[in-house]
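All remarks here apply to the structure that follows.
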Amino acid sequence: MAITTAATVTSLDGFHTTPAAQRADKLVRALFDAVNADDPARTDTVLARSFLSYDVRGTRSRTA
């Protein structure tokens, strides 16, 4: 058996079977990248205007 040295395949490289799943993957990765970079402007472009966050203190909009 031969060992190949191909690059690691990620979900962005065709892991998902549907285009919708591929788009969702890209969107989630973009959100994590923006949050990890502490870039509010980029986070704002990724989140929908109707985004709601739920936690123990209740529901918050994206501006709260």
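The values are calculated or read from the model by the stated rules, or taken from the named source; none is laboratory data. All of these numbers come straight from a predicted model, not from anything done at the bench. Note that we place each Cβ from the backbone using ideal geometry, even for glycine, and neighbour counts take in every protein chain shown. Only protein heavy atoms, including side chains, enter the accessible area calculation; ligands, DNA and RNA are left aside. Shrake-Rupley method; radii C 1.70, N 1.55, O 1.52, S 1.80 Å.
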Exercise. Name the single residue, out of those in the stretch 1-27 being at pLDDT below 60 and polar (S, T, N, Q), that is most open to solvent (accessible area, probe 1.4 Å).
Key: Thr5
Quiz item: Pairs under 8 Å by beta carbon, first residue in a strand (DSSP E or B) in the stretch 42-54, partner open to solvent by less than 100 Å² (accessible area, probe 1.4 Å) and of a type in the set (Gly, Ala, Ser), six or more apart or different chains?
Solution: Leu52/Ser61; Ser53/Ser61; Ser53/Ala64
Exercise. Determine, yes or no, whether Ala30 is among the small types (Gly, Ala, Ser), part of a helix (DSSP H, G or I), at pLDDT 85 or above and out of contact with any Lys or Arg (no Cβ under 6 Å at 6 or more places or on another chain).
Key: yes
Quiz item: Taking Asn36 and the conditions (1) over 9 Å from the mean Cα position of the chain (by Cα); (2) modelled with pLDDT under 90; (3) closer than 28 Å to Ser61 by Cβ; (4) open to solvent by 100 Å² or more (accessible area, probe 1.4 Å), which numbered condition does it fall short on, given that it satisfies the others?
Solution: (2)
